[in-house]
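Engineer: First the structure, which I've put down as structure tokens, then a few questions once you've had a look.
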Amino acid sequence: MEIGRFAPSPSGRMHLGNVFSALLAWLSVRSAGGRMVLRIEDLDPDRCRPEYAVQLKRDLEWLGLFWDEEQTPQSQRTAAYAEAFAKLDAYPCYCSRSELHAASAPHAADGTFVYAGTCRNLTEAERAAKTRRPAWRVRVPDEEISFLDGLQGEVRENLARACGDFILRRSDGVYAYQLAVVVDDAAAGVTQVVRGYDLLSSTPRQLWLQTQLGLPHPQYYHVPLLCAPDGRRLSKRERDLDLGALREVMTAEALLGRLAHLAGLLDRPEPVTAAELSAWFDWNRVFTKNISINSVSFH
Ligand code: GLU
């Protein structure tokens, strides 16, 4: 049985890009007769709020994207993350943000930095002399990870060159998204992960963590991002495209029809229900490249 998931972060109102990914995730699993799990990814206490989680659920229900099961929110799963963390080859890193920037090589593809390994081989005495509270990084091998994305095709990445030893636990004690997502997907028995293209670069890290922890690998599908005409990714800052604004000017069926058309699933942007779409869904029809939309004409 296929098991898919919605994994929203309750850091604001759902916007059009989130709805687009959620719709494709739901269609993929429903068209296969599978089950959908909802998981609230509220790891970051500074950015997440319970009222946003409530709103997210109401918005998914308004869209007709129902789920079968709700997983425990990430903020309550610390013990499970600690157990996985203990199995990994992690070491404390005392670098400040500015030290990291000074020592790291920028990674051309997405502007993130490759960790230079500064704290990888500190001696016990060197560690004892540090006063800063450390983050914890995992030692990654210099070898290539490859996988077949259901939409984007073959992806290859060498973790040592793409990101270096990455963070498993922040200096404030919060476990990192990369670790939490792997533990939670496995706990829910997730077989397919459908999410935005922006997370494609996280997938080699997650596949590698799954291998280290003896967990199964789900099938991944990274769906196009919705972009403004200037190529910028639409984000929660575009208030006119969040569900608060959109729900005032269109029905759920009209919105789903527009998104299904943008995805390549409908020839015309006609109103449609999610259940109707699931009868015709086919990954072969879904566009692979990012999609430009004009927020003015979308309304
Ligand atoms: N919580 C993440 C987000 O809202 C999604 C993580 C995932 O799908 O793996 O961007």
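Engineer: Kindly evaluate ALA53 against the criterion of being out of contact with any Gly (no Cβ under 9 Å at 6 or more places or on another chain), within 13 Å of the ligand (Cβ to nearest atom) and small (Gly, Ala, Ser).
Structural biologist: yes
Engineer: Would you mention how many residues in the range 37-93 are surrounded by fewer than 18 Cβ atoms within 10 Å (Cβ to Cβ) and part of a loop (DSSP other than H, G, I, E, B)?
Structural biologist: So the count comes out to 12.
Engineer: Could you list, in sequence order, the residues of the range 8-36 that are part of a helix (DSSP H, G or I), closer than 25 Å to ARG232 by Cβ and either in contact with a helix residue (DSSP H, G or I) (Cβ under 7 Å, 6 or more places away or on another chain) or more than 10 Å from the ligand (Cβ to nearest atom) (or both)?
Structural biologist: Of everything in the range 8-36, those that are part of a helix (DSSP H, G or I), closer than 25 Å to ARG232 by Cβ and either in contact with a helix residue (DSSP H, G or I) (Cβ under 7 Å, 6 or more places away or on another chain) or more than 10 Å from the ligand (Cβ to nearest atom) (or both) turn out to be LEU16, VAL19, PHE20, ALA22, LEU23, LEU24.
Engineer: Need pairs with beta-carbon distance below 9 Å; first residue without any contact (Cβ under 8 Å) to a residue 12 or more places away in the chain and within the range 131-143, second in a loop (DSSP other than H, G, I, E, B); sequence gap 6+ or separate chains.
Structural biologist: Every condition considered, the pairs that remain are THR131/TYR94.
Engineer: Given the conditions (1) in a helix (DSSP H, G or I); (2) surrounded by 21 or more Cβ atoms within 10 Å (Cβ to Cβ), and given that ARG5 satisfies all but one, which numbered condition is not satisfied?
Structural biologist: Of the numbered conditions (1) in a helix (DSSP H, G or I); (2) surrounded by 21 or more Cβ atoms within 10 Å (Cβ to Cβ), the odd one out for ARG5 is (1).
Engineer: Something else: Kindly indicate whether HIS222 is in a loop (DSSP other than H, G, I, E, B), within 16 Å of the ligand (Cβ to nearest atom) and touching a residue at least 60 places away in the same chain (Cβ under 8 Å).
Structural biologist: For HIS222, the condition - in a loop (DSSP other than H, G, I, E, B), within 16 Å of the ligand (Cβ to nearest atom) and touching a residue at least 60 places away in the same chain (Cβ under 8 Å) - is not met.
Engineer: Restricting to the range 35-62, count the residues that are more than 14 Å from ARG77 (Cβ to Cβ) and among the β-branched types (Val, Ile, Thr).
Structural biologist: 1
Rule-based calculations on the coordinates, nothing more; no lab input. These figures come from a predicted structure and were not determined experimentally. As a convention, Cβ positions derive from the backbone with ideal geometry for all residues, glycine included, and neighbour counts pool all protein chains shown.
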